[in-house]
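Student: Structure in structure tokens, see below.
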Amino acid sequence: MNLKKYIRSIPDYPKKGILFRDITTLIKNADAFKYTNDEIINLAKNIEFDKVAAIESRGFVFASTVSYQLKKPFILLRKKNKLPAEVHSVDFELEYGKATIEVHKDSIEKDEKILIIDDLIATGGTAEAAAKLIEISGGKVAGFIFVINLFDLPGNDLLKTKGYKTKSLIEFPGH
């Protein structure tokens, strides 16, 4: 299935100069959504991991299916002040601002291998912050799976230079 035809591109969103790749058009199509989840699950089956983590919020859409189908615990990596218990936090830069993500301190045991899933990799700031969260929690990053890799932006290469394994289903230019 050609998943690219289900991705809507929105220029100058959320600010001028950004070409936003919108997955809502993919997830509203039942066949494309099922195919995407099946493909992510197939990729995940080839990775040794103990738990799956997702980056808020679009990563939740895909990681929950992996968690369910592969019977792996699911960890939420959330925006600042969204988790009620004690957290680890990491601040990072976005293409269009600054942000913080957090994880509950009791989500990850020492040396657990965590698979991180998100909808898209662009500049890599959010994904790198997610990896730092896993590591300061005592875990190890088993790898990343993304629906979309914006291949002309540095994110995927940044993760690979730091020794992380990445997989993606679709490649698009970021501009």
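Every number in this text was worked out from the coordinates using simple rules, so none of it is lab data. None of these values were measured; they are calculated from a predicted model. Cβ placement follows ideal geometry from the backbone for every residue including glycine, while neighbour counts extend to all protein chains displayed.
Student: Under a crude label model (7 Å from the Cα following the beta-carbon direction), how far is residue 18 from residue 98 in nanometres?
Tutor: For residue 18 paired with residue 98, the spin-label model returns 1.7 nm.
Student: Taking only Cα atoms and a 10 Å spring cutoff, compute GNM fluctuations for the chain and point out the largest among 139, 125, 17.
Tutor: Checking each option, the largest mean-square fluctuation is seen for 17.
Student: A further question on this structure: Rounded, prolate or oblate, given the Cα gyration tensor of segment 124-175, with a/c below 1.5 counting as rounded?
Tutor: Working: a/c = 2.41, a/b = 1.98, b/c = 1.22.
It is prolate, given that a/c is not under 1.5 and a/b is the larger ratio.
Student: If you don't mind, there's one more thing I want to ask. Multiply the residue gap between residue 47 and residue 2 by 0.36 nm, knock off their C-alpha separation, and tell me the result in nm, one decimal place. Walk me through the intermediate numbers first.
Tutor: Details: separation 45, 0.36 × 45 = 16.20 nm, distance 2.41 nm.
Residue separation times 0.36 nm, minus the Cα-Cα distance, leaves 13.8 nm.
Student: Roughly what would the spin-label model give for residue 25 and residue 152, points 7 Å off Cα along C-beta, in nm?
Tutor: Taking the simple label geometry, residue 25 and residue 152 are separated by 1.8 nm.
Student: Assuming R0 = 25 Å, can you tell me the calculated FRET efficiency for the pair residue 160 and residue 89, based on Cβ-Cβ distance, to the nearest 0.05?
Tutor: On the way: r = 25 Å, r/R0 = 1.01.
My answer for the efficiency is 0.50.
Student: I need the shape label for segment 66-151. Rule: rounded when a/c is under 1.5, else prolate if a/b > b/c, else oblate, with a, b, c from the alpha carbon gyration tensor. Mind showing how you got there, number by number?
Tutor: Details: a/c = 1.72, a/b = 1.13, b/c = 1.52.
Oblate, since a/c reaches 1.5 and b/c is not below a/b.
Student: Next question. Determine the shape class of segment 60-101: with a ≥ b ≥ c the square roots of the Cα gyration tensor eigenvalues, call it rounded for a/c under 1.5, and otherwise prolate if a/b is greater than b/c, oblate otherwise. Numbers along the way, then the final one.
Tutor: Values: a/c = 3.37, a/b = 1.69, b/c = 1.99.
Verdict is oblate for segment 60-101.
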